[in-house]
Amino acid sequence: MKPILRPLLLLGLLFTPLAWADAPTRATHPDGAAIASGHQLATQAGMEILAQGGNAFDAAVAVSSTLAVVEPISSGLGGGGFFLLHDAASGKDIMLDARETAPAAATEAAFLDKDGNLDRDRSVNGAWSAGIPGLPAALVELSGKHGKLPLKSSLQPAIRIAREGFPVYARMAKGYQSRREVMERYAGTREVYLRNGKPIAEGDLFRQPELARTLERLADGGFDGFYRGQTGKLLLAGVKQAGGRWTADELAGYTVKARAPIVFNYNDWKITTAPPPSSGGIALASMLQILEGWDIKSMDAAHRTHLVVEAMRRAYRDRTFFLGDPDFVDIPQNVLTSKDYAQGLRATIHPEKATPSDLLSGNPTPLEDDETTHFSIIDQEGNRVGATQTVNLLYGSGLIPKGTGVLLNNEMDDFALKPGTPNAFGVMGYEANAPKAGKRMLSSMTPTFMENADKVVVLGTPGGSRIITMVLLGILGYDQGLGAQQVAALPRYHHQWLPDVIEAESGAFDEGTIKQLQAMGHRIDLPGDSAAGGRGSSHVWGNLQTVEWDRRSNTLSGGSDPRNPVGSAEVR
Ligand code: DON
């Protein structure tokens, strides 16, 4: 030690006990548990498993599998997801990557029509739109490597609800109407969704006995109980019958990957979030570290929004060119998540003027009904799970291979199937996200932890390309001192580089802020005005589910997005 530092250290030691005496005491573990999810039956299923002595990871198996039963519009065994885990005993964080993989037959050429344009029917409907599912493998891994209870126990609530049924809710019935034409192309799907030729309606009891049996085979046989054996055979046969091409080896060769999360600091928060093949963590690191250079909390709404939008614009541009499956492409992750890079980007932002995005080819496809689902859990030991899972668009591909009850995803559309052509969320990509055998398609799903000396937070949401900006606004909300429910309710806005427009929910901005933003050169897609080039009528979005542990008061709270009436947050 340099001699000059010694007296300083002594002085420090003298004063430290005083500082300790003043410091608030902080709980080392929560006094209970909290779960927030997109459906109350799933939240209750998680609570049931905790009551049986399970930990957050067992509860996650119960919540995830129950969502797969009660929210087929959003996620399921035929889809995938990301599970961000915190193990309290070791202090370690990992992300289980259960993203779907591309079958070898699904090359770029397979998705072009005879004129060389993207065949949108193939990319979002039926067998070709489906990747090899990852969710069942994640459930096996979560339970086997992290849980305390047998998989069979944690899957019980889902099996019971699949067999006994649950009441159809409005969003599910409405979603069916908008996907009806596609779903009714397939005999396996018709068997599940039609009763005497009539589709499910709100209030009907919806039973899925075949899905219950598929879940039982998973409970009994683990990985092989889904990816091989009877379920495996039925899946392969159903895909083949619908004109697609999966091989038995591709199905049985699926693997969940445990990946190191993206970790960075924002103000006094440590943020732990989703790494590639999610684009969310890198984009969040970029946006928040750009914003850290300003005191945005003290700014008026227009200037704050302007800077947040400029950060969004830059992060989404980088997403387009650099991000994809890290097992297939070299991502300059260290650069993109560095403070230096963020500082460079910050320097390109004018404090008063919008930077016009460079317009490339194509207009985004409008998408009005967004799906996917997220849940957040903290248990009594301090373990955490933040998981976002999906079949991509409403009811995924629409295809249920006969006899399985499993609705397959349409995640192939998340690849850049034709370079530079926007996907269903209006985002595009190039080589880094081109489809290849066994490759995972780039995602925006961003399960995230935030923690500082006083608080621990788990948050996430569905919403396609808007997921990342919703998580960003959620982090900024917590940083401003809002509580969990306030964060879930926050009005939202979004910019994704292209189209060069701010999309805004009603209530996101007051009149004055709108005028100021327009004067800075921003185009705003406001409720009731789709002319600005945004996604028009889709003016309410997301389904944010978050839990918070305040270590000073040792209280837990949950926030469930008020936009989803069947979601629920519970504390026990
Ligand atoms: O992984 C993704 O980014 C998308 N497949 C998520 C889809 C989604 O959130 C649907 N809309 N809410």
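Please enumerate the residues belonging to the range 406-419 that are more than 13 Å from the ligand (Cβ to nearest atom) and open to solvent by 10 Å² or more (accessible area, probe 1.4 Å).
Within the range 406-419, Leu407, Lys418, Pro419 qualify.
Among the listed residues Pro422, Pro401, identify the single one that is out of contact with any Cys (no Cβ under 6 Å at 6 or more places or on another chain), more than 16 Å from the ligand (Cβ to nearest atom) and in a loop (DSSP other than H, G, I, E, B).
Pro401
Is it the case that some residue within the range 251-265 is open to solvent by less than 10 Å² (accessible area, probe 1.4 Å), in a helix (DSSP H, G or I) and of a type in the set (A, V, I, L, M, F, W, C)?
Scanning the range 251-265 turns up at least one residue that is open to solvent by less than 10 Å² (accessible area, probe 1.4 Å), in a helix (DSSP H, G or I) and of a type in the set (A, V, I, L, M, F, W, C).
Filter the range 270-322 for residues that are open to solvent by 10 Å² or more (accessible area, probe 1.4 Å) and in a strand (DSSP E or B) and give the result.
The one that is open to solvent by 10 Å² or more (accessible area, probe 1.4 Å) and in a strand (DSSP E or B): Lys270.
Restricting the search to the range 436-452, which residues are surrounded by fewer than 24 Cβ atoms within 10 Å (Cβ to Cβ) and within 16 Å of the ligand (Cβ to nearest atom)?
Selection gives Lys439 alone.
Please determine whether any residue of the range 106-117 is outside any helix (DSSP H, G or I), crowded, with 23+ Cβ neighbours inside 10 Å and either acidic (Asp, Glu) or touching a residue at least 12 places away in the same chain (Cβ under 8 Å) (or both).
Checked against the condition, which is being outside any helix (DSSP H, G or I), crowded, with 23+ Cβ neighbours inside 10 Å and either acidic (Asp, Glu) or touching a residue at least 12 places away in the same chain (Cβ under 8 Å) (or both), the range 106-117 yields at least one hit.
What residue, of Val471, Val385, Val391, Val458, is within 13 Å of the ligand (Cβ to nearest atom), open to solvent by less than 10 Å² (accessible area, probe 1.4 Å) and more than 30 Å from Thr189 (Cβ to Cβ)?
That would be Val471, the only listed residue that is within 13 Å of the ligand (Cβ to nearest atom), open to solvent by less than 10 Å² (accessible area, probe 1.4 Å) and more than 30 Å from Thr189 (Cβ to Cβ).
Exactly one condition in (1) closer than 23 Å to Leu442 by Cα; (2) not assigned by TED's automatic domain parsing to the domain that holds Tyr193 is not met by Ile73; state its number.
Only one criterion in (1) closer than 23 Å to Leu442 by Cα; (2) not assigned by TED's automatic domain parsing to the domain that holds Tyr193 is unmet by Ile73, namely (2).
Residues checked against (1) modelled with pLDDT under 95; (2) open to solvent by less than 80 Å² (accessible area, probe 1.4 Å); (3) not β-branched (Val, Ile, Thr):
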residue	(1), (2), (3)
Arg6	yes, no, yes
Thr16	yes, yes, no
Pro24	yes, yes, yes
Ile35	no, yes, no
Gln40	no, yes, yes
Ser64	no, yes, yes
Ile73	no, yes, no
Phe82	no, yes, yes
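The values are calculated or read from the model by the stated rules, or taken from the named source; none is laboratory data. No experiment lies behind these values; they were computed from the predicted model shown. Neighbour counts run over all protein chains shown; Cβ positions are idealised from the backbone, glycine included. The accessibility values were calculated without ligands, DNA or RNA, using every heavy atom of the protein model including side chains. Shrake-Rupley method; radii C 1.70, N 1.55, O 1.52, S 1.80 Å.
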